[in-house]
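In what follows, a structure is listed as structure tokens, so that the remarks can point back to it.
What follows is calculated from the coordinates using simple rules that are stated; it is not laboratory data. Predicted model, so just to flag it, every value in this text is computed and none were measured. Don't worry about glycine lacking a Cβ; one is built from the backbone with ideal geometry, like all the others, and counts go over all protein chains shown.
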Amino acid sequence: MVNSQPKIQVSGLQVSYGKEPALKGLSLDVRDNEILGIIGPAQSGKTTLLKVINRTIDYISSARVTGSVLFEGKNILETKDVHSLRRKIGMVSPLPVGLPLSIYDNVAFAPRAAGIRDRKKLDPLIEQCLQQAALWDEVKDRLDTLGTKLSGGQQQRLTIARALSHEPDVLCLDEFSIAIDPVTTMRIEDVLKELKSKMTIVLVTNLVQQARRLADRTAFVWNGELIELDDTETIFSDAAKDQRTKDYVNGVFG
Amino acid sequence: MITRKQWTTVSEFLIETVIRICGISAIIFVLGIFFFVFREGAGFLFSKWEPIKFFFSTEWYPTSVSNKRYGILAIIAGTASVTVIAMTIAVPFGLGAAIFISEFCTGKLKEILKILIEFLAAIPSVVWGFIGLMVMNPLIIDIFNVPIGLTALNGGIILSLMAIPIIVSIGEDSLKAVPDSYREAAIALGITKWQMVYRVLMPAAKNGLLAAVLLGVGRAVGETMAVLLATGHAVQIPGSPLDSVRTLTATIAAELGEAPVGSDHYQVLFVIGIFLFTITFVINLTAYLIVKGIRVQKGES
């Protein structure tokens, strides 16, 4: 399944917030239909990387970004049409945010904004997204209740359903399991394994073992730099090249 | 000798009492105002007051020698027309400005705009009236080719300028109260900024925005000096925005000094006062209940 042409190619990416550097010339590539796990301690720049990839970094006024991020051959940093870029690159943030709308409207939000109004088209799409996010069975009888009334784990799956609703090519997940229980986490992980056949997934996680379970390849990012990127098996074995990687995955630090 | 500990207890008690009195004084003042306005008007209200004639007659002849008539319909129409015109202008502009300041501008511009709008709110109403009289009046005469520019339109425009700062500052506060995570979540879905405002922020801040509008209405209904100067002060039901009108507040302000204390006329003016008091009370109470609604919702989520 190793593909020659990378889906996303990050090269020499530098990001700083004011004088504070967050990424110091990071380069990596994301392959088609893989789950790329990104691990590393807090403040190492993982979230910043995701924010650059779907250009939500634009809303942080102090951020300075240089380098290039190629997606489908075009530099994301220079693209004019950020809205369609963000539709192609879905994002799930660490804390679940149910928009103050009904469950149905939450998932229908992006399709509607893109101009799909017909219930006949929306209904199956919403069911499909909620199915994919493993939430359908729990909410199918109360799609009109407020999304914010769901439990934390349900809201997180709702945000995943929402991110799937605009049928992205790439799904970025930023520490999605931070607010949910282990059982729900496992369910979402199963979902991700299935989704992999349809899209590319970038999984930023604090849980080293989660990357080990899910990721095809794993990147270890530390202090704004890529320390090592290799097949997950390699990273989690003695074959890892960098001592810091070994120490981190074995829990010596971080 | 009192010990340090006793002194602490005593001073604590004193401070608490003083603060308590300060707090309660607001209630006392409101009740006091209501009591005195009511007392002045009560004599007429309970003996000679004919509500149907009062509310549904346009004949306002309080100083007629042979047949005094106190019908305020035309004056209510005056207040209503000026308020409607003011809100037609102030609501879109005020909410638009609130959205712009809160969502679309940053840094220096934002600070400057906020300061300017605060400044707008601080201009005394008589100055607004003066602008209506000296600036708007000739403008309206020129633009619409009418003999007199002191009209409902003039008063409405002036009032809208006075209501806009209130709508902007409360509207902006309520937009600011929407958690940033909503914005981030919405933006990450690939929608445009305006779609985010329209589909996420406005529903989320709906109650606060409504309260902003209502307080703006309250301001427009209650304002006196500016409309007294700008509307022409003619008792008639306006046929168009270019007719002169008279408002409830302006009637009280203009006539109270002329009416003999204790006379029917004097008392009727206080009845109008009670009526106005009731309107603004209802509007403020509604706004309060709506704002409280926001808090309850937030508490749940």
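Within the stretch B:4-47, the percentage of alpha carbon pairs spaced more than 15 angstrom apart rounds to 62%.
Roughly how crowded by other chains is peptide B:198-207, in terms of the mean Cβ count from those chains within 10 Å of each of its Cβ atoms?
2
Note on A:Lys80: aspartates and glutamates with a C-alpha under 20 Å away, same-chain residues under 8 apart excluded, are A:Asp58, A:Glu72, A:Asp169, B:Glu184. Magnitude of the Cβ-charge dipole of the protein assembly as shown, K/R +1 and D/E -1, about the Cα centre, nearest 20 debye? Around 300 debye, computed over the protein assembly as shown. Run a plain Debye calculation on chain B (Cα atoms as equal point scatterers, no solvent) and give log10 I(q)/I(0) at q = 0.14 Å⁻¹, rounded to two decimals, same order as the q list. At q = 0.14 Å⁻¹ the computed log10 ratios are -1.10. Put in line by how crowded their Cβ is, counting other Cβ atoms within 10 Å and starting with the fewest, B:Phe275, B:Phe54 read B:Phe275, B:Phe54.
The convex hull built on the alpha-carbon positions of chain A has an orientation-averaged projected area of 13.7 nm². Report the one residue of B:Leu201, B:Ile112, B:Val235 whose Cα lies farthest in the direction of the positive end of the charge dipole of the protein assembly as shown (charges on C-beta: Lys and Arg +1, Asp and Glu -1; origin at the Cα centre). Farthest towards the positive pole: B:Val235. Shape class of the stretch B:13-133 from the Cα gyration tensor (axes a ≥ b ≥ c, square roots of the eigenvalues): oblate, since a/c reaches 1.5 or more and a/b does not exceed b/c.
Normalised by residue count, the stretch A:83-131 yields a Cα convex hull volume of 95 Å³ per residue.
With 10 angstrom as the radius, rank B:Phe34, B:Phe29 by how many other C-beta atoms surround their C-beta, starting from the fewest. Can you show the working numbers first?
Numbers: B:Phe34 14, B:Phe29 10.
Ascending Cβ contact count within 10 Å gives the list B:Phe29, B:Phe34.
Arrange the following residues from fewest to most other Cβ atoms within 10 Å of their Cβ: B:Phe100, B:Phe46.
Details: B:Phe100 16, B:Phe46 8.
With the sparsest Cβ surroundings first, the list reads B:Phe46, B:Phe100.
Rounded, prolate or oblate for the stretch A:1-120? Axes are the square roots of the Cα gyration tensor eigenvalues, ordered a ≥ b ≥ c, and the cut-off for rounded is a/c under 1.5.
Values: a/c = 1.82, a/b = 1.45, b/c = 1.25.
Since a/c reaches 1.5 and a/b is larger than b/c, the shape of the stretch A:1-120 is classed as prolate.
Can you give the charge dipole size of the stretch B:74-300 about its Cα centre, rounded to the nearest 20 debye, using +1 on the beta carbon of Lys and Arg and -1 on the beta carbon of Asp and Glu?
Values: 13 positive and 14 negative charges, 153 e Å.
Taking the Cα centre of the stretch B:74-300 as origin, the dipole is about 740 debye.
Quick one: net charge of B:Lys110's neighbours, Cβ under 12 Å, K/R +1, D/E -1? Walk me through the numbers before you get to the answer.
Details: positive: B:Lys108, B:Lys114, B:Lys176; negative: B:Glu103, B:Glu111, B:Glu172.
Result for the neighbourhood of B:Lys110: 0.
When the alpha-carbon atoms of the protein assembly as shown are used, the pair Rg, Dmax equals 32.5, 111 angstrom. Counting only the Cα atoms, the stretch A:110-173 fills a convex hull of 95 Å³ per residue. In this rough spin-label picture, where each label sits 7 Å from Cα along the Cβ direction, the B:Glu16-B:Ala42 distance is 3.6 nm.
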